[in-house]
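The values are calculated or read from the model by the stated rules, or taken from the named source; none is laboratory data. These figures come from a predicted structure and were not determined experimentally. FYI the Cβ positions are ideal-geometry reconstructions off the backbone, even for glycines, and counts take in every protein chain you see. Side chains are part of the model used for accessible areas, which takes the heavy atoms of the whole protein and leaves out ligands, DNA and RNA. Shrake-Rupley method; radii C 1.70, N 1.55, O 1.52, S 1.80 Å.
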Amino acid sequence: MVAILLERPLTHRQAHLRDALVDLVLEQGFSHLTMDQFAAQLNCSKRTLYALASSKEQIAVLAVRHFFKRATDQVETAIARTRAPAKRVARYLEAVAEALRPASRAFRDDIAHFRPATEIYEQNTLAAAKRVRELIDEGTQAGAFRRVHAAFVGEAVTATMRRITSGEIAAATGLSDAEAYSELAQLVVAAIRR
């Protein structure tokens, strides 16, 4: 996961408010909330919210971007101390599942129906696939993996990640998102291990 985040520096209070905003939209989504409702639930004024972003749409974009930045940081921290190539790939996918766990169905549905949020999600999914390819390439160069077409494996992982996040995998298999990511990690490692 990689978040492309171009934000101006925030005050401590604004950063705290932005984090609370992210938590709120992860739990409830954002499409049905008005600026008045955002302000009431965040216990702040609309003016304070408008200091973060100029519209409800920009508030949603800010929250989605920052969620993916937090998720990216969380995932990279999770694999930072893992050295074994197979464990790095598996841990990466498991960490993605953990990072996405707080995202409610309402949040994911809102992302799917709001083009700017969909674009942010897609950028992060592509970045995650690139990161999986990098991890596979590292393992291949270290001799831990057999020679595979890392770009193809990355694309297969990306397609599966999209289906997990959309709810299609849960509907087809009954697996939770976390269980599906765990199965994906095991599948990928089994496919590339020597």
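Data for the structure
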{"read-out": "Residue in the stretch 71-78 that is of a type in the set (D, E, K, R) and assigned to a helix (DSSP H, G or I) present", "value": "yes"}
{"read-out": "Residue check, ALA103 closer than 14 Å to VAL64 by Cβ, open to solvent by less than 70 Å² (accessible area, probe 1.4 Å) and of a type in the set (Gly, Ala, Ser)", "value": "yes"}
{"read-out": "Test result for ALA86, in contact with a Gly (Cβ under 8 Å, 6 or more places away or on another chain), assigned to a helix (DSSP H, G or I) and surrounded by fewer than 19 Cβ atoms within 10 Å (Cβ to Cβ)", "value": "no"}
{"read-out": "Residue check for ARG18: among the basic types (Lys, Arg) and free of Cβ contacts under 8 Å to residues at least 12 places away in the same chain", "value": "no"}
{"read-out": "In the stretch 115-152, the residues that are touching a helix residue (DSSP H, G or I) at 6+ places or on another chain (Cβ under 8 Å), farther than 23 Å from GLN74 by Cβ and either of a type in the set (A, V, I, L, M, F, W, C) or not in a helix (DSSP H, G or I) (or both)", "value": "ALA142, ALA144, PHE145, ARG146, ARG147, VAL148, ALA150, ALA151"}
{"read-out": "Exclusive hit being touching a residue at least 60 places away in the same chain (Cβ under 8 Å), small (Gly, Ala, Ser), surrounded by 13 or more Cβ atoms within 10 Å (Cβ to Cβ) and out of contact with any Cys (no Cβ under 7 Å at 6 or more places or on another chain), set ALA185, ALA170, ALA150, ALA156", "value": "ALA185"}
